[in-house]
1. Rounded if a/c is under 1.5, else prolate if a/b is larger than b/c, else oblate: which is the stretch 191-322, with a ≥ b ≥ c the root eigenvalues of its Cα gyration tensor?
2. Once the dipole of the chain is set up with Lys and Arg at +1 and Asp and Glu at -1 on Cβ about the Cα centre, which of THR199, LEU33, SER17 lies farthest towards its positive end?
3. DSSP loop chymotrypsin sites (Phe, Trp or Tyr not before Pro) in the stretch 160-237 with at most 11 other Cβ atoms within 10 Å of their Cβ, which ones?
4. Report, for the chain, the % of DSSP beta bridges that are antiparallel, rounded to 5.
5. Out of PHE98, ILE237, LEU67, whose Cα points farthest toward the positive end of the dipole of the chain (charges: +1 Lys, Arg; -1 Asp, Glu; placed on Cβ)?
6. So if I take the centroid of the Cα atoms in the stretch 241-271 and the same for the stretch 45-88, what is the distance between those two points in Å?
7. If I compute solvent accessible area with a 1.4 Å probe over the protein chains, what percent of it on the chain is carbon and sulfur?
8. Restricting to DSSP H runs of at least four residues, report the calculated mean residue ellipticity at 222 nm for the chain, -39500 (n - 2.57) per run over all residues, nearest 500 deg cm²/dmol.
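The values are calculated or read from the model by the stated rules, or taken from the named source; none is laboratory data. Computed from a predicted model, the values in this text were never measured in an experiment. All Cβ positions, glycine included, derive from the backbone under ideal geometry; neighbour counts span all protein chains shown. These area figures cover heavy atoms from the full protein model, side chains too; ligands, DNA and RNA do not enter into them. Shrake-Rupley method; radii C 1.70, N 1.55, O 1.52, S 1.80 Å.
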Amino acid sequence: NCMLGNPAIAVLCDAYSKGIRSYDVEKAYRYALNTSRLFGNNEEGYTPGSISHTLEYAYSDWCMARLSEWLGKEADKDRFEARARSYSSIYDTDSGWFRPRNKTGEFQPLPKAGRLTEGYGCTESNAYQQGWFVPHNVEGMVQMMGGRKKVLADLTDMFERTPKNYFWNQYYNHANEPVHHVPFLFNRLGAPELTQKWTRDICRNAYHDKVTGLVGNEDVGQMSAWYVLAAAGIHPICPGDGRYEITSPVFDRVEFRLDPAYAAGGSFVIEARDNSPENIYIQSATLNGKKYDKCYLTHDDLAAGGTLVLQMGAKPSDWGKD
């Protein structure tokens with residue numbers, strides 16, 4: 001019903017990419033291949049009437065492409081690579097956003113409120129919120145949407161219009177999961193200071209130590225998992241690609257104890273020096289004692305163990321923009 005897409009494929013892809021393979025991999029792949037045939041976009045590259053399904057299935061197909069590539073199944077890889085680009089099939093260049101198509105391929109009429117209309121081709125969201133879900137090809141999405149400058153302005157406006165308490169709304173709706181990767185897109189747009197600003201703001205205002213401490217439905221742990229990772233200073237946009245976006249940690253020190261079955265490093269530590277409610281911006285960083293200017297880590301970085309030290313300050317810096 002409302003839990004759409006094909007998420008088991010994403011779980012399998014992410015697990016395999018991290019070396020978790022203590023199962024019959026070929027059988028798992030066969031099952032994933034079968035379910036992708038049952039649940040996916042049509043031959044024209046979309047699901048009639050749905051933005052949400054179309055974008056979710058495009059990501060699932062990217063996950064299948066990665067699994068196919070790792071397992072040496074070239075024909076499957078090429079087919080799923082093509083299907084992973086199907087997100088563009090529902091982008092309307094005239095209106096400048098995603099719109100659902102009907103069974104004959106025509107865009108469904110725009111409602112009066114346009115992309116802010118909840119339920120317009122979307123499940124528990126609106127097109128503005130759901131439309132950012134192209135995690136496997138952020139660069140292609142940005143180009144399709146008109147380029148970095150235009151997309152950065154649009155994304156900034158989305159957050160500035162969001163209510164301070166983050167209750168259910170038409171903009172950045174942290175109360176529901178379709179937008180949970182969106183604050184980290186600023187890293188991909190060359191504005192990591194905005195990822196730092198907004199994730200700290202969400203941690204401060206959407207989470208509280210009381211009965212109503214979560215701004216939305218926990219949904220099997222996702223609302224809390226978002227906080228744990230964001231408050232620690234890292235978060236993935238695209239499970240399966242091994243990249244974690246770095247953001248502003250809430251805590252001065254966090255230690256990740258690594259499972260020796262899958263990671264040799266023992267532990268990975270994130271330290272935030274001069275951290276405070278005012279000092280939310282990363283000024284500089286070192287990884288294992290060496291200068292580090294990237295606004296992301298890889299899973300291999302974490303698995304190898306070590307220490308990421310972040311120097312915090314009260315004003316945005318140029319760190320992470322290279």
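1. oblate
2. THR199
3. Here no loop site has a sparse enough neighbourhood.
4. Working: 25 of 31 bridges.
Taking every DSSP beta bridge with both residues in the chain, the antiparallel ones total about 80 percent.
5. PHE98
6. If you average the Cα positions of each part, the centres end up 30 Å apart.
7. Here carbon and sulfur together make up 52 percent of the probe-accessible area.
8. For the chain, the value works out to -10500 deg cm²/dmol.
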